[in-house]
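In what follows, a structure is listed as structure tokens, so that the remarks can point back to it.
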Amino acid sequence: MRIFLLIISAILVNNIVLAQFLGICPFLGVSKKIDTALGMSAAVVFVMLIATICTWLIYTFILVPLQVQYLQTISYILVIAFLVQMVDIILKKTSPSLYQALGVFLPLITTNCTILGVAIMVIQKNMNLLDSSIFAIATSLGFGLALVLFAGIREQLALTKVPDGMKGMPIALVTAGLLAMAFMGFSGVC
């Protein structure tokens, strides 16, 4: 039951984009088409899981024993950048088709603050490795859900008549606010 609540909370109640406001740049920048939103979502799920596991291990087995927890943020940034580069290189060599599909999104993930945010949150919440992994997957699925929903709404908005002063980013920000308010309705669930 605890794991189920953790998953529901991460996806709907405490959505990383709509409730905690992390990852706004890719949320607004990559959400013009559903295809690109799905690609970015898949890449975030993969990288967030690997980054969370690696950063948890580094914190638990390197930073804490050496009593250098103050190096947490800088070490996490380095680990995330390294992982994204390694995934980029491995995909380029082993699966060119998958690299073509995700290759454009991998550099964007390096600057996606949701990855760093989740890595720091699992330590702040004192989660074990299993809970951290589940939290990372659920949070990235919540990120993907918000991104795909927003992309679908933006595709629909492109087909409708919008006043000139609201075209582009203004209507996108209003829509994001309404979507965040809709997700607030889940706050009583957990």
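The values are calculated or read from the model by the stated rules, or taken from the named source; none is laboratory data. Keep in mind that this is a model prediction, so the values were computed, not measured. With ideal geometry, Cβ positions are generated from the backbone for all residues, glycine too; neighbour counts draw on all protein chains shown. With ligands, DNA and RNA removed, areas are computed over all heavy atoms of the protein, side chains included. Shrake-Rupley method; radii C 1.70, N 1.55, O 1.52, S 1.80 Å.
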* Asked: Of everything in the range 61-76 that's open to solvent by less than 50 Å² (accessible area, probe 1.4 Å) and in contact (Cβ under 8 Å) with a residue 12 or more places away in the chain, which residue is nearest to Ala37 (Cα to Cα)?
  -> Tyr76
* To do: Report, by residue number, each residue of the range 176-190 that is touching a Leu at 6+ places or on another chain (Cβ under 9 Å) and open to solvent by less than 40 Å² (accessible area, probe 1.4 Å).
  => Ala176, Leu179, Ala180, Phe183
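Look through the range 161-175, keep the residues that are open to solvent by 50 Å² or more (accessible area, probe 1.4 Å) and under 30 Å from the mean Cα position of the chain (by Cα), and return whichever of them is farthest from Ala151 (Cα to Cα).
Let us first name the residues in the range 161-175 that are open to solvent by 50 Å² or more (accessible area, probe 1.4 Å), namely 161, 163-167, 169-170, 173-174.
Filter once more, so that each one left must be under 30 Å from the mean Cα position of the chain (by Cα): 166-167, 169-170, 173-174.
Values: Met166: 17, Lys167: 15, Met169: 13, Pro170: 15, Leu173: 12, Val174: 14 Å.
Here the answer is Met166.
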* Asked: So is Leu57 open to solvent by 50 Å² or more (accessible area, probe 1.4 Å) and farther than 19 Å from Ser140 by Cβ or not?
  -> no
* Quick one: what pairs do we get from the range 1-14, first residue surrounded by fewer than 12 Cβ atoms within 10 Å (Cβ to Cβ), second part of a helix (DSSP H, G or I), C-beta under 9 Å, 6+ apart or different chains? -> Arg2/Asp131
* Structure fact -> The one condition Ile109 fails out of (1) modelled with pLDDT of 85 or more; (2) within 19 Å of Ala37 (Cβ to Cβ); (3) of a type in the set (Val, Ile, Thr) is (1)
* Asked: Among the residues of the range 16-38, is there at least one that is over 13 Å from the mean Cα position of the chain (by Cα) and farther than 21 Å from Leu108 by Cα?
  -> no
* Looking only at the range 56-71, decide whether some residue is modelled with pLDDT of 90 or more and closer than 28 Å to Ser187 by Cβ. => yes
* Structure fact -> Of the conditions (1) surrounded by fewer than 18 Cβ atoms within 10 Å (Cβ to Cβ); (2) farther than 20 Å from Arg154 by Cα; (3) in contact (Cβ under 8 Å) with a residue 60 or more places away in the chain, the single one that Cys25 does not satisfy is (2)
